[in-house]
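In what follows, a structure is listed as structure tokens, so that the remarks can point back to it.
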Amino acid sequence: MSTSYPSLAEIRDTAHRLQGKILETPVWRWQTGVIEEQLAGGEVWLKLELFQKTGTFKLRGALNCIAALDEAARRRGIVAVSAGNHAIAAAYAARLAGCSAKVAMPQHASPARIAACRELGAEVLLMPDVHQAFARGREIERDEARTMLHPYEGPLTAQGTATIGLELMAQIPQLDAVVVPVGGGGLCAGIAAAVKQINPACAVYGVEPYGADALYRSFASGRPEALERVDTVADSLGAPYAMAYSFGVCRRFVDEVVRVNDDEICLAMLHLFRDAKLVAEPAAAVATAALFGPLRERLAGKRVALLVCGSNIDPVRFAELLARGARVRSAGLDAAAHGLSAGSVQ
């Protein structure tokens with residue numbers, strides 16, 4: 001297990017290097033709707049990384065990785081593996097750098113994300129599932145000598161995601177906690193490294209779906225774990241395994257990893273849409289789901305920031321998941337009216 005992590009100096013250098021290529025995304029204090037109804041006291045802030053270029057945080061790591069390539073590597077091009085968001089960011093970064101890109105994606109990936117990659121000039125290779133997409137990506141890396149832009153692993157990726165934490169700590173001083181979605185762990189690792197080096201007293205929580213909980217299992221076992229199967233509406237968080245570097249940084253700086261189910265994610269999407277008017281994809285709603293679920297008591301009365309990390313979802317799928325969230329909400333209201341506990345609504 002790696003013991004290295006992005007230093008504050010490296011994070012600040014990365015922020016300077018990315019200046020002008022990325023947006024400093026805004027924060028918004030949540031003071032309406034469900035927050036007033038269910039979470040009295042404290043402050044809840046949203047870090048709106050879904051407003052980033054390409055629609056997600058992934059661009060920060062992709063640009064930082066491409067910036068490190070020499071001219072020969074740029075001529076050979078890059079390859080990426082992703083359910084969509086990292087693929088879009090890699091394609092955008094490659095076009096900006098003037099190099100070619102191939103992206104291996106599972107065939108169930110959102111049609112909107114596939115189309116976005118092609119529009120940016122990337123060659124898209126659709127594979128039966130995420131495991132086979134990673135295998136195809138490694139073949140291309142080996143056979144064509146392309147540079148692999150990994151979706152969540154490595155120091156350059158973590159330095160890129162850490163710039164979010166750097167921004168956040170300047171935007172909202174004296175936070176008590178930061179809650180971060182977890183797929184492979186690269187976002188959580190970078191943000192946690194920045195947050196904890198700036199304010200060691202600020203808690204950092206990672207959140208995974210039950211159907212894609214590789215980091216949760218890794219924390220429990222003490223080593224990076226792999227999943228036999230990924231099954232969650234939050235497809236952007238469907239990393240099939242944890243890896244040494246990201247796991248090591250998360251183990252050093254993350255206080256705890258918690259899990260949420262798909263119904264909780266859809267309900268959180270509904271809250272974000274109703275109260276903040278945000279079109280958040282499922283992965284971007286898991287931090288909110290954790291605030292109303294497993295972290296509710298611990299974060300009561302605290303000054304908390306939630307990462308809203310992406311918005312790449314097509315309208316039809318968004319409407320389907322919002323409708324599911326509405327059913328969950330109705331079931332919960334009905335149960336509360338009758339003094340019962342709400343069960344999972346499919």
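Computed from label points 7 Å out along Cα-Cβ, the spacing between residue 323 and residue 27 is 3.8 nm.
Inter-label distance, residue 220 to residue 132: 2.9 nm, where each label sits 7 Å from its Cα along the C-beta direction. Normalising the average separation of contacting C-alpha pairs (under 8 angstrom, six or more residues apart) by the number of residues puts the relative contact order of region 78-145 at 35 percent. Distance between the C-alpha centres of region 72-94 and region 227-302: 25 Å, rounded to the whole angstrom. In summary, the lysines within cross-link reach of residue 47, defined as a Cα separation below 26 angstrom excluding same-chain residues under 8 places away, comprise 21, 58, 196, 277, 302. Between the beta carbons of residue 143 and residue 333, assuming R0 = 56 Å, the FRET efficiency works out to 0.50 to the nearest 0.05.
Computed from point charges on the beta carbon alone (+1 for Lys and Arg, -1 for Asp and Glu), the dipole magnitude for the chain about its Cα centre is near 620 Debye. The charge dipole of region 78-145, taken about the Cα centre with unit charges on the Cβ atoms of Lys, Arg (+1) and Asp, Glu (-1), comes to about 140 debye, rounded to the nearest 20. Rolling a 1.4 Å probe over the protein heavy atoms leaves residue 253 with an accessible area of roughly 20 Å². Under the simplified labelling scheme, the residue 68-residue 8 pair shows an inter-label distance of 2.3 nm, with each label point 7 Å from Cα along Cα→Cβ.
The Rg/Rh ratio of the chain, with Rg taken over Cα atoms and Rh as the Kirkwood radius over Cα pairs, comes to 0.96. Per residue of the chain, the DSSP helices (runs of n ≥ 4 H) give a summed -39500 (n - 2.57) that works out to -14500 deg cm²/dmol at 222 nm. Toward the positive end of the charge dipole of the chain, with +1 on the Cβ of Lys and Arg and -1 on the Cβ of Asp and Glu, the farthest Cα among 30, 322, 97 is that of 97. A Cβ-based charge dipole, computed about the Cα centre of region 112-196 with Lys and Arg at +1 and Asp and Glu at -1, lands at about 60 debye. Candidates 46, 249, 236 compared by Cα position along the dipole of the chain: farthest toward the positive end lies 249, with charges placed on Cβ.
Distances between placed amide hydrogens fall under 5 Å for residue 203 paired with 177, 178, all partners being 5 or more residues away or on another chain.
Among the protein heavy atoms, those of residue 27 account for about 40 Å² of accessible surface (1.4 Å probe, every chain in place).
The values are calculated or read from the model by the stated rules, or taken from the named source; none is laboratory data. Quick caveat, the model's predicted, so the values are computed rather than measured. With ideal geometry, Cβ positions are generated from the backbone for all residues, glycine too; neighbour counts draw on all protein chains shown. Please note that ligands, DNA and RNA were not included when accessible areas were found on the heavy atoms of the full protein model with its side chains. Shrake-Rupley method; radii C 1.70, N 1.55, O 1.52, S 1.80 Å.
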